[in-house]
Amino acid sequence: LSLAFTTGPFLTSSAHPVSIFLVSALLLSVIVVGNNRLKLAFGASLVVPVVISVLLKPTASSAGMLVFFYAANASFFVYVIFFLFRYLFSTPRVTTNMLLASLSIYLALAIIWGMLYGLLDVFYPGSFKLGPHEYSVPNINDLLYFSVVTLTTLGYGDISPLSPQAKTIAATEAFVGQIYLTVLVARLVGLHIAESSADREATKRT
């Protein structure tokens, strides 16, 4: 997921900006959440349309393909986040896997909102202002960049929401991003305190 975010602008124009690493992340995600046959089958049924949509390389001239691409990606990552959240709040100790799951959730949230922005721009053209232009069609790199900037509340302002719908979704993403970090830190601190207390009790008993 990290490579999908960072390498897109450096790929050639003939390749889909995030296809290589996004497809890899999708397939790995299915393996991660598919710890039984039912989950694996359902995850695979969700990831197949996503992979197809990525390989089709949707463009702004094809609204139908764009809707398919954005909706398929958003649906799949919602599914992945659901299971990562369950893992995050059921693990009794702070582990490397737990920290990686936390990071994956954060990046997946950025992808989901990026896809929502894409859907919004298809159904409500003119929802975003890019740089000095009153309106131009944002590509996937623009959408993911704006999503990350909004999720982290960085707010450069080079891409701005114009429509009421875009402003509402952007504000919601910023709120969710801050709440997620707050809850995550509280969870990690709570587990660390619990672990420390358990270690002290074990030391006393020995």
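General remarks:
- Sorting the segments 112-121, 90-99 by their mean number of nearby beta carbons within 10 angstrom, highest to lowest, gives 112-121, 90-99.
- Model label points for residue 2 and residue 193, set 7 angstrom from Cα along the Cα-to-Cβ axis, are 3.0 nm apart.
- Relative contact order for the range 68-181: 24 percent, from Cα pairs under 8 Å spaced at least 6 residues apart, divided by residue count.
- Protein-only accessible surface at a 1.4 angstrom probe places the residues 167, 39 in the order 167, 39, largest first.
- Relative contact order (%) - criterion: Cα under 8 Å, at least six apart; region: the range 22-114: 24 percent
- Protection-proxy order for peptides 75-86, 41-52, each taking the mean of Cβ atoms within 10 Å per residue, highest first: 75-86, 41-52
- Residue 48-residue 179 FRET efficiency (beta carbon distance; Förster radius 30 Å; 0.05 resolution): 0.40
The values are calculated or read from the model by the stated rules, or taken from the named source; none is laboratory data. The structure presented is a predicted model; accordingly, all values stated were derived computationally and were not measured. So basically every Cβ, Gly included, is an ideal-geometry build from the backbone, and we count neighbours across all protein chains shown. All accessible areas refer to the heavy atoms of the entire protein, side chains included, with ligands and DNA or RNA removed. Shrake-Rupley method; radii C 1.70, N 1.55, O 1.52, S 1.80 Å.
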